[in-house]
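Report on the following structure.
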Amino acid sequence: MPRLLTIVIAAAVAALLALPAAASAKTFTKTFRYGPITVAGYEVKQTEADFDAPEPDFDGYVTGMSVDVVDKQGNQVPISRLMLHHIVFHNFGPKLGAKRDQTCSRFTMLNSTTVIPAVSERFYGAGEERQKLVLPPGYGYRTTKQDNWTLTWMLMNHRAVTDSAYIQYKVTLTDDPATTPVTPYWADVENCYTDPQFTVPGGGEPGSRFTKQVTWTAPRDMRIVAAGGHVHGGAYDVTLRQPQCQDRSLITSVPAWGTAKHPFYNVKPVLHEPGPIFMTRTLSASGFPVAKGEQLQLTTSYDAQLPHTRAMGIMVFYAADAKEPPQPCSPLPTDVVTQRTTQPHRESPPRFTVPLTGLNRKGQAIKIAAPPGTRVQAADNALVRIKDFQFSRTNLKLPVGARLSWRFDDDQLHDVTLASGPRGFASTHLSNRRTFTQEFDTPGTYKVFCSLHPVRMTQTIEVG
Ligand SMILES: [Cu+2]
C-alpha cells in the first residue's frame, strides 16, 4: 500500500467557558484527514491497525468526535461512490504497554488466527450509522501529547472505477482542568475480534427473536454517563442490563432504518444486509451507577425468522469514577437523555434480500441470479476449492443433509457468506488451505458470496 499522507487541518474556534476557574481553558474542534486512500473498482479495502493516523497531540480531553469520508476539498463523498463500513479508533497511549483495552485482554485479528495482546484501548467506533462520540457537558476522554492513535477501517467502492478519498474525523478538545475523565468500555456480544460477526440462522416463527449476549463483571465502581450502539440488518436493539438487579435494563440503543430509497439498499454490491442509518445514544450527567463486582450483560436482539449473516451487536459506553461507592442496584438516574435521528426512517428492521452481484460486459456491477457455470450434482462431504479468487464449482446441487466444505487455497483472505437462502451461515475470513464446513439440512436455494470480494466470488447451492 502506498504510504498514507496525513493532513491536519487547522482548528475551528472555541467556545469560552462560563466558569471563572476555567477562564483560560481552551475548547476547540480540530479536523483531521487520513489518506488519501485509493480504492480500486468494487474493491473492499481494509486496514486492521494503521499507526500512521494523525492524532490531536494535545494535553487535555476529547469531548466529542465524528467521522466521515471526504474528497480533497473536504466535501462529503456520497455512499454511491465510497462507503465507510466501519472504523475503530484505538489509543496506545504514550508508549507500548501504557494502555489496555477495558474489556479484552487479547484481540483476534482479521485472519481469524493471529492473536495479539490488547495493548490499546478502543475508545470510539462508527459503522454505517456514523455513530458519534457524545458526552454530557463537563466530561472528557483523557488525551496527551504523547498518545498514539491507531485506526481499523474498511471502505467499499461502489463503482467500477478507481476512487480516492480521505477519512476525516472532527475531534472536540478541551484543556479545562475541571473536566471529569471518562473510561471507554467496548461491550460486544462477539468481543475481542477485529471482525466481530455472528450468524442468525433464521427459520423461526414470524415475529420471533434471536438473541445473543455476553455477561461480565464491572471491574470498578463507576457511573455510566454516555453510550451508543452498533448493529446490522435485521436487528431490533442492543441493551445493557444488570442481571442481578431483577434483570433491569440500563441502556438500550435502538436502530433507525433508512427508507427503501436510501443508498444502503440501492448500491452494488451489498456486502451484508444493510445496517441502520442511526443508532440512539443515551446521556446522563449523573450517570447509571454500577458497583464493582456487579454483573453487566449486553444483549442484542434480531429477527429470528429470516437468516441474517455477518450480524453484530456492540455498545460503547463511557463511565466516570463513582463519587462514592454505589450500593449494588442503586436507583437509576433521573436525568437521562436519548438522542434520536430527525432523518426520515423506518422503525422496524426492513426485510431485504441481499442480491448476488456480477459484472456485465462493460465491467459494471449487476444483480445476478447465479454465477456462470453449469449446475453439477455433488455428494455428501464434497469439497469446493477457493483458488485465484474463484470457487472451483460455482453452481451445485446437494442432497438434503449433505455437508459441503470449502478449502481456502489462496494466501489472500476470503470467506463464504450466505446472501439469501433458507438458513444462514458464514465463515470467518480464511486462507492458507484452512477449511470451513456447512451441513445443509433445509432444502432450498442458497446463494453464497465472499464478503471481501463480492462481485468476483459468488456461488449457488440447490439443496433437495
Ligand atoms: Cu474473497
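The numbers here are math on the coordinates, done by the rules we state, and not lab data. Just so we're clear, the structure is a prediction, and the values are computed from it rather than from any experiment. So basically every Cβ, Gly included, is an ideal-geometry build from the backbone, and we count neighbours across all protein chains shown.
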Between LEU359 and ASP335, the FRET efficiency computed from the C-beta separation at R0 = 41 Å comes out, to the nearest 0.05, as 0.15
Check each of the trypsin sites (Lys or Arg not before Pro) in segment 253-299 and keep only those in coil by DSSP with at most 10 other C-beta atoms within 10 angstrom; list them in order.
-> LYS261
Do any of LYS292/LYS323; LYS45/LYS268; LYS170/LYS323; LYS30/LYS145; LYS45/LYS72 go past 22 Å between their Cα atoms, and which?
-> LYS170/LYS323
What trypsin sites (Lys or Arg not before Pro) does segment 93-193 have in DSSP loop regions with at most 14 other beta carbons within 10 Å?
-> LYS95, ARG100, LYS145
Could you give the nm distance between label points at ASP411 and ARG220, where each point is 7 Å from its Cα heading toward the beta carbon?
-> 4.5 nm
Which semi-axis lengths, in whole Å and largest first, follow from the square roots of five times the eigenvalues of the Cα gyration tensor of segment 356-463?
-> 20, 17, 12
If we count chymotrypsin sites (Phe, Trp or Tyr not before Pro) as exposed when they sit in a DSSP loop and have at most 16 other beta carbons within 10 Å, what is the longest stretch of the chain that avoids them all?
-> 52-388
With charges only on Cβ, +1 for K and R and -1 for D and E, what is the dipole size of the chain about its Cα centre, in debye, rounded to 20?
-> 1020 debye
The chain: Cys lacking any partner C-beta under 4.7 angstrom | CYS450
Averaged over all directions, how much area does the convex hull of the C-alpha atoms of the chain cover when projected, in nm²?
-> 23.0 nm²
What would the Debye formula give as log10 I(q)/I(0) at q = 0.27 Å⁻¹ for the alpha-carbon point model of segment 95-157, no solvent?
-> -1.32
Determine the sum of side-chain charges near SER405: Lys and Arg each +1, Asp and Glu each -1, restricted to other residues whose C-beta is under 13 angstrom from that of SER405.
-> +3
